[in-house]
1. Out of the range 56-67, which residues are surrounded by 13 or more Cβ atoms within 10 Å (Cβ to Cβ) and touching an Asp or Glu at 6+ places or on another chain (Cβ under 8 Å)?
2. For the subset of the range 11-41 comprising residues that are over 25 Å from residue 66 (Cα atoms) and crowded, with 16+ Cβ neighbours inside 10 Å, which member is modelled with the highest pLDDT?
3. Can you tell me which residues in the range 24-35 are among the aliphatic types (A, V, I, L, M) and either touching a Ser or Thr at 6+ places or on another chain (Cβ under 9 Å) or more than 17 Å from residue 78 (Cβ to Cβ) (or both)?
4. So residue 115 ticks every box in (1) on the phi > 0 side of the Ramachandran plot; (2) touching a strand residue (DSSP E or B) at 6+ places or on another chain (Cβ under 6 Å) but one. Which box is left unticked?
5. Every residue in the range 69-85 that is crowded, with 16+ Cβ neighbours inside 10 Å and either over 14 Å from the mean Cα position of the chain (by Cα) or of a type outside the set (Asp, Glu) (or both), please.
6. Only one residue in 136, 125, 112 is out of contact with any Leu (no Cβ under 9 Å at 6 or more places or on another chain), surrounded by 18 or more Cβ atoms within 10 Å (Cβ to Cβ), within 19 Å of residue 57 (Cβ to Cβ) and not aromatic (Phe, Trp, Tyr). Which one?
Amino acid sequence: MTIRKTILSAALLTVIAAPAFAAPHERNAFIHDYDANHDGEVTQAEFDAGRTARFKATDTNGDGWVSEAEYLAEYEVRLDAKLAKSDAPAEDKLAIRQREVRQTHVRFGALDKDKDAKMTKAEYDASGARAFAQQDKDKNGKITNADAVVEKAEATTKPAAN
C-alpha cells in the first residue's frame with residue numbers, strides 16, 4: 001500500500017470512528033451513557049444524577065472542583081475501554097487516542113469558563129444543561145429516539161444554505 005493510500009485510509013477511519021469516541025453528544029451514546037433504568041429514554045433526573053456521579057468520580061481528590069489532569073484521567077479510562085473493544089488496527093487506535101486526548105484538553109478549556117484552571121460543578125452543570133437541551137428536540141424533558149424524528153423534521157424545513 002502506498003503512503004498516500006495509508007494516509008487516506010487513516011483519515012477515513014478517523015472520520016468514521018470520531019463519533020464513536022467523542023463525548024456522548026450523539027443521541028445513541030447519550031442514551032447509552034445516561035439511561036439508568038434502561039427504558040430507552042433519559043429523563044432530566046437520570047441525566048442530572050449521572051452527571052453528578054461522573055463529576056464526583058472525576059474529582060478524585062474531593063476538593064469540589066476538577067483539574068484538567070482529573071478531567072483527562074477520567075476520560076482516558078472511558079476512551080481506553082472503547083478502544084479496547086474496537087477492531088481497528090493498533091496504529092489507528094493510537095491515532096484516535098491521540099486526537100481524542102488533544103480534544104479533551106480543548107473541551108476542558110471551553111468548560112472552564114472563568115479560565116482559572118478549575119472546572120467547578122456549576123461550569124460542568126452548565127455544559128450538561130446545554131447538552132440536554134440540545135438533545136431534547138421535542139422539549140418534553142426526556143431524551144428518546146423520538147427526538148430524532150423532530151430533528152429530521154427540523155432539518156427538512158430549514159432553507160438550504162447557499
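1. Matches in the range 56-67: 58, 59, 60, 65, 66.
2. Among residues in the range 11-41 that are over 25 Å from residue 66 (Cα atoms) and crowded, with 16+ Cβ neighbours inside 10 Å, the one modelled with the highest pLDDT is 41.
3. 31
4. (2) is the only condition that residue 115 fails.
5. 70, 71, 72, 75, 79, 82, 83
6. The conditions single out 112.
The values are calculated or read from the model by the stated rules, or taken from the named source; none is laboratory data. Being a predicted model, the structure only gives us computed values, none of them experimental. Here Cβ is always computed from backbone atoms with ideal geometry, including for glycine, and neighbour counts include all displayed protein chains.
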